[in-house]
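What follows is a short report on a single structure.
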Amino acid sequence: MSTDQPPPSEPPGQGGNPPPGQGPNQPPPGNPYAGGPYGAPPPGGGEGPYGGGGPYGGGGQDGPPGGGGPYGQNPYEGGPAGQDPLAGMPPLAPGGKRVLARIIDIIIVLIPSFLLDWAAVGLHGSDVTAGRSAVGGVFTAGLGFLYEFFMTRSTGQTIGKRMMGLRAATLADGSVPDSQSSAVRAAILWLPAFCCSCLWFVIIGITVLFDRPYKQGLQDKAAKTVVVEAT
């Protein structure tokens with residue numbers, strides 16, 4: 001019979017065999033980067049390869065400034081990409097002043113239109129009434145278009161706007177509307193006056209008073225313009 005005693009058992013993890021579930025090349029439980037091939041944990045702390053919160057999170061020291069994403073902030077909240085086009089421009093014109101300016105312009109156009117109509121057809125009985133109405137509509141639409149186009153293209157101000165201290169401006173940068181924008185505004189404002197001037201200008205006025213956020217009439221929306229206070 002052998003008198004040799006078995007060697008005392010060794011604590012797990014020392015000596016021969018590693019503890020169950022841990023291979024010879026595996027790091028100990030806990031931080032997976034401690035003692036591994038990469039040395040100490042990356043800057044910013046946390047348990048993942050990017051510190052706290054992932055590659056674009058705001059918790060890491062080496063993350064992008066401002067946090068919240070790879071661009072620092074939402075590009076559509078402020079900054080050039082989301083800037084209000086009215087920034088740096090004068091205040092939008094009050095609706096009441098715009099209505100008064102338009103009434104002045106209508107009167108300015110209707111007076112010569114009536115005189116031309118009267119000179120072209122004359123007052124020669126009831127049969128002329130319908131003819132005068134049609135001819136007058138042509139004069140009103142034509143003179144109104146030319147008046148609005150040249151005044152807007154020149155300074156952004158018709159006589160009515162100048163009297164009310166207003167001007168038309170390009171929505172993008174506040175400049176005087178170019179030829180195309182001025183022509184679009186003038187056409188939408190005055191060409192329908194050929195047959196239904198009263199109703200049409202009421203519709204224009206309603207859109208100006210209730211439109212948000214830029215108080216644009218139909219002519220402004222089509223031409224990408226606004227009406228602001230003149231400075």
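What follows is calculated from the coordinates using simple rules that are stated; it is not laboratory data. All of these numbers come straight from a predicted model, not from anything done at the bench.
The coefficient of translational diffusion for segment 136-201, derived via Stokes-Einstein from the alpha carbon Kirkwood radius under 4 °C and 1.567 mPa s, stands at 107 µm²/s.
Between Leu146 and Ile203, the contour length at 0.36 nm per residue exceeds the alpha carbon distance by 18.4 nm. In this structure the amide hydrogen of Leu166, modeled in the peptide plane, comes within under 5 Å of the amide hydrogens of Ala230, none closer than 5 places in sequence on its chain.
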